[in-house]
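One structure is given below, encoded as structure tokens.
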Amino acid sequence: MEKVKQTRAHVARLELSTAQAAVLDGQAHTARALWNLLHEYATFRQGRLATLKECDEAIRVARREIAWMGRLPAQAAQAVLKTYRQAWVNFFDPDHPAGRPTFKARVRSRPAVDVPQARDLQIKRVNRRWGAVSLPKAGRVRFRWTKNLPGVTKGGPAGRITGARLVKDAFGWQIVFRTETMAAAVMDTHPGPAVGIDRGITVALALSDGTPREHGPWLTGGEKEHLRRLEKKSARQRRTRTPGRPTSKRLTRTYDQIAKARATAKRRAVDWQHKTTTELAGTFGVVVVEDLKITNMVRSAKGTIEHPGRNVTRKAGLNRAISGEAWGRTVTLLEYKTRDRGGLVVKVPAPGTSQTCHRCGHRDPASRAGARFSCASPGCGWTGHADTNAAINIRNAAGTVVSGRGDLGAARSAKRQPPRAA
């Protein structure tokens, strides 16, 4: 049976000493500074972008002449160059949604360092709970062992580790292993039925079979109150800050506490999404969703000074609720999980799904009142949950495919919209 390479990522928490964390922090700041230097060198030229060879030579000269550049390993510096050049390739690709590469700000960019070559990692399992990995300039570090890595332990999955990336969030440093395994090129078609899914706020995922997938709040009442007080505290501290002066240690500490609270909510959301999408991918063979333009849906309603917006506060609350559900991430997880199981994710046009009766096809905006749908057609009169009705319409609209991801061949991946002009 013919097989193809399948790449996946596995995230594990690192256990670092204070000195090791400081080393990785320095490497991440150097990598960000190198990106900015490359962007300045490549773009502020007369008539053309710098070539890959010119950028590589500039990095070598900078590492010889600038002392602090030595904090970043040479291979990690080459990885920054490779990522930067790929960003331009994505920008010039009409089928890729990436925007133009820009400078990375210190406070808004996520600290990260690449370890491109797997042989430098020297991964070994220490015991049932912990593994060990070698990191350049940081030494031997333990990481939380939650899953067998391909090609590392006897009896584990077949394959290999091709590299890793070190990423820092509010809880500290993590390592993201890049794994490569072999999978069947043509797999059996998933035997499960088709289902339509309507993504919402009140009901997270409403299925066409009438069974919703819901979750509780990502933060408890006490955690929400703690976050609210931290945000008020940061506002008071910002009012006393002198413009142009460095941020005080107290304000920085408050920012870190806010980031940790929000990261807790995100971790719980991602955990629920992974569990839910795994269950859906294993149950259904075809998953039909709306082709939502989420970026347009969460635009601000403030408007301009000449033409101010209306219901700005209400729209801002709606935008936060939509962003908190992370609808795009749900579909992304569903796409690769259904593909791995021989299934398919189909995207269909979104207009009218929540205003049309799935039984008679009559469309009337007045038919929906909150969570209840009552068909306004005299000859129908169907009533039921509005989200379930929308999910059935989404499933029935599978014949008007916008795009599809999977191995069934019933729908092909449609080209994405070209990026906006620079």
Item to check | For the range 261-279 and the range 26-55, distance of Cα centres in Å | outcome: 36
Next on the checklist: If you build the convex hull over the alpha carbons only and average its shadow over all orientations, what do you get for the range 1-75? Give it in nm² to one decimal.
Outcome noted: 9.0
Checklist entry - Under 13 Å from the Cα of residue 266, which aspartates and glutamates turn up, not counting those fewer than eight places away in the same chain? => result 169, 325
Item to check | Sequence ranges 102-111, 11-20, 353-362, ranked by mean other-Cβ count within 10 angstrom, highest first | outcome: 353-362, 11-20, 102-111
Item to check | Within the chain: Cβ-based charge dipole about Cα centre, in debye rounded to nearest 20 (Lys, Arg +1; Asp, Glu -1) | outcome: 2000
Checklist entry - So what's the range 169-242 giving for Cα Rg divided by 2.2 N^0.38 Å, two decimals? => result 1.99
Checklist outcome for this item: Taking a ≥ b ≥ c as the square roots of the eigenvalues of the Cα gyration tensor, with a/c under 1.5 meaning rounded and otherwise prolate when a/b exceeds b/c and oblate if not, the range 1-155 is oblate
Checklist outcome for this item: Taking the chain and a Cβ-Cβ threshold of 4.7 Å, the cysteines left without a partner are 55
Item to check | the chain: calculated mean residue ellipticity at 222 nm from DSSP helix runs of at least 4, using -39500 (n - 2.57) | outcome: -12500 deg cm²/dmol
Checklist entry - Hey, which lysines would be in cross-link range of residue 53, C-alpha to C-alpha under 18 Å, not counting anything within fewer than 8 residues on its own chain? => result 82
Next on the checklist: Give me, ordered by chain and number, the residues 5 or more places off residue 362 or on other chains with an amide H under 5 Å from its own placed amide H.
Outcome noted: 357
Item to check | Among the listed pairs 233/260; 5/293; 3/337, those beyond 21 Å (Cα-Cα) | outcome: 5/293
Checklist entry - Suppose every K and R has +1 on its Cβ and every D and E has -1 on its Cβ; what is the size of the dipole of the range 1-186 about the Cα centre, in Debye to the nearest 20? => result 700
Item to check | All-pairs Cα distance distribution in the chain, expressed in whole percent, bin size 20 Å | outcome: 19, 51, 28, 2, 0
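Here, each number is a calculation from the coordinates, and none is a lab measurement. Since the structure is predicted, the reported quantities are computational estimates derived from the model, not experimental observations. Positions of Cβ are generated from backbone atoms using ideal geometry, with glycine treated the same way; all protein chains shown enter the neighbour counts.
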